[in-house]
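**Q** A single structure is presented below for examination.
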Amino acid sequence: MAGVLGRVRAVRHSNAWLFGTMLVSAGLSLTASFVLSVDAVRLAADPGTSLSCNINTVLSCGTVGTSWQAHLFGFPNAFLGLIAEPVVITIAVASLGGVRFPRWFMFAAQIVYTLGVIFAYWLFYQSMFNIGALCPWCLLVTVSTTLVFATLTRVNIRDGNLFPPTRVQSALRGAIAVDLDTIVVTIWLLIVALAVVLKYGAALFG
């Protein structure tokens, strides 16, 4: 049993697992961003158009897509995903092929993606408590960007790309060595799911 657990642990800490997870997560986010971009163009032409993800009053891409929060910078937020996720996919594919990016590049990627995940959760908060509706594709973006952020952060901690003080770097490496980051992300996503259920309850399926 110990041998099996050790092999599973080795796989989970391997580049194949980390960058594979990053690739799949970024691919899902890119797909959702593409669908949301197409829907944004349709809504711009006809705000009353019926979208396939308008399931009910709570799960409604149309309600979210016509809000001011969905166009915070003067264009559909989904366009940002079309720009950012191909970069992440390139990093993942190249890293799976053995490429090692410069430290400054990975540090910059960490900063940019951290801003991206903060923005994703700002939009989630706006949907939950101000807009009063949730977009299924947006929820997929929220989850997938969380997973990309988690894997990117793990890689950058492991490879020493984040420039923390020596003691902090040692503590961070110790945390990922025992998969504390995985536990935190799992609990975080469960809290997000619980928050949605507690907020809307049966209305999600009504």
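**Q** Quick one: in the range 93-116, which of the residues that are touching a residue at least 12 places away in the same chain (Cβ under 8 Å) and closer than 13 Å to PHE163 by Cβ is farthest from the chain's Cα centre (by Cα)?
**A** Once the filter is applied, the top-ranked residue is ARG103.
**Q** Return a yes/no flag: does the range 149-168 have any residue that is of a type in the set (S, T, N, Q), within 25 Å of GLN69 (Cα to Cα), in contact (Cβ under 8 Å) with a residue 24 or more places away in the chain and surrounded by 14 or more Cβ atoms within 10 Å (Cβ to Cβ). Walk me through it before giving the result.
**A** Taking the range 149-168 and keeping what is of a type in the set (S, T, N, Q), we get 151, 153, 156, 161, 166.
Next, only the ones that are within 25 Å of GLN69 (Cα to Cα) stay: none.
Among the residues of the range 149-168, not one is of a type in the set (S, T, N, Q), within 25 Å of GLN69 (Cα to Cα), in contact (Cβ under 8 Å) with a residue 24 or more places away in the chain and surrounded by 14 or more Cβ atoms within 10 Å (Cβ to Cβ), which makes the answer no.
**Q** So, one more: Do you know which of the residues in the range 166-206 that are closer than 19 Å to CYS135 by Cβ and of a type outside the set (A, V, I, L, M) is farthest from the chain's Cα centre (by Cα)?
**A** Step by step, filter the range 166-206, then rank; the result is GLY206.
**Q** Within the range 1-22, is there a residue that is within 20 Å of the chain's Cα centre (by Cα), closer than 21 Å to CYS135 by Cβ and touching a residue at least 40 places away in the same chain (Cβ under 8 Å)?
**A** no
**Q** Inside the range 125-145, can you point out the residues that are more than 14 Å from GLY81 (Cβ to Cβ) and out of contact with any Gly (no Cβ under 9 Å at 6 or more places or on another chain)? I'd like the intermediate steps shown before the answer.
**A** From the range 125-145, those more than 14 Å from GLY81 (Cβ to Cβ) are 125-134, 136; that's our starting set.
Once the filter is applied, which keeps residues that are more than 14 Å from GLY81 (Cβ to Cβ) and out of contact with any Gly (no Cβ under 9 Å at 6 or more places or on another chain), the range 125-145 yields TYR125, GLN126, SER127, MET128, PHE129, ASN130, ILE131, GLY132, LEU134, PRO136.
**Q** Within the range 83-93, does at least one residue satisfy the condition of being closer than 19 Å to TRP122 by Cβ, of a type outside the set (Lys, Arg) and surrounded by 20 or more Cβ atoms within 10 Å (Cβ to Cβ)? It would help to see each step written out before you state the result.
**A** Applying the first criterion (closer than 19 Å to TRP122 by Cβ) to the range 83-93 yields 83-85.
Filter once more, so that each one left must be of a type outside the set (Lys, Arg): 83-85.
Narrowing the set further to residues that are surrounded by 20 or more Cβ atoms within 10 Å (Cβ to Cβ) leaves 84-85.
The answer is yes, given that some residue of the range 83-93 is closer than 19 Å to TRP122 by Cβ, of a type outside the set (Lys, Arg) and surrounded by 20 or more Cβ atoms within 10 Å (Cβ to Cβ).
**Q** For the range 171-179, indicate whether the set of residues that are in contact with a helix residue (DSSP H, G or I) (Cβ under 9 Å, 6 or more places away or on another chain), at pLDDT below 95, surrounded by 14 or more Cβ atoms within 10 Å (Cβ to Cβ) and of a type in the set (Val, Ile, Thr) is non-empty.
**A** Yes, the range 171-179 contains a residue that is in contact with a helix residue (DSSP H, G or I) (Cβ under 9 Å, 6 or more places away or on another chain), at pLDDT below 95, surrounded by 14 or more Cβ atoms within 10 Å (Cβ to Cβ) and of a type in the set (Val, Ile, Thr).
**Q** Let me ask another. Restricting attention to the range 57-102, report how many residues are touching a Gly at 6+ places or on another chain (Cβ under 9 Å), under 18 Å from LEU140 (Cβ atoms) and not hydrophobic (A, V, I, L, M, F, W, C).
**A** 5
**Q** Does PRO76 satisfy being more than 25 Å from ALA150 (Cα to Cα) and under 18 Å from the mean Cα position of the chain (by Cα)? Spell out how you get there, then give the answer.
**A** Numbers: more than 25 Å from ALA150 (Cα to Cα): yes; under 18 Å from the mean Cα position of the chain (by Cα): yes.
When the stated conditions are applied, PRO76 passes them.
**Q** Tell me the helices (runs of 4 or more DSSP H) entirely within the range 1-105 that contain at least 2 residues that are hydrophobic (A, V, I, L, M, F, W, C), in contact with a Lys or Arg (Cβ under 7 Å, 6 or more places away or on another chain) and on the phi < 0 side of the Ramachandran plot. So that I can check it myself, show each step before the final result.
**A** On the way: elements: 2-12, 15-45, 61-65, 78-96.
Of the helices (runs of 4 or more DSSP H) lying wholly inside the range 1-105, none has at least 2 residues that are hydrophobic (A, V, I, L, M, F, W, C), in contact with a Lys or Arg (Cβ under 7 Å, 6 or more places away or on another chain) and on the phi < 0 side of the Ramachandran plot.
**Q** Answer yes or no as to whether THR146 is touching a helix residue (DSSP H, G or I) at 6+ places or on another chain (Cβ under 9 Å) and touching a residue at least 60 places away in the same chain (Cβ under 8 Å). I'd like the intermediate steps shown before the answer.
**A** On the way: touching a helix residue (DSSP H, G or I) at 6+ places or on another chain (Cβ under 9 Å): yes; touching a residue at least 60 places away in the same chain (Cβ under 8 Å): no.
So THR146 fails the test.
The values are calculated or read from the model by the stated rules, or taken from the named source; none is laboratory data. Computed from a predicted model, the values in this text were never measured in an experiment. Virtual Cβ from ideal backbone geometry, glycine too; neighbours counted across all protein chains shown.
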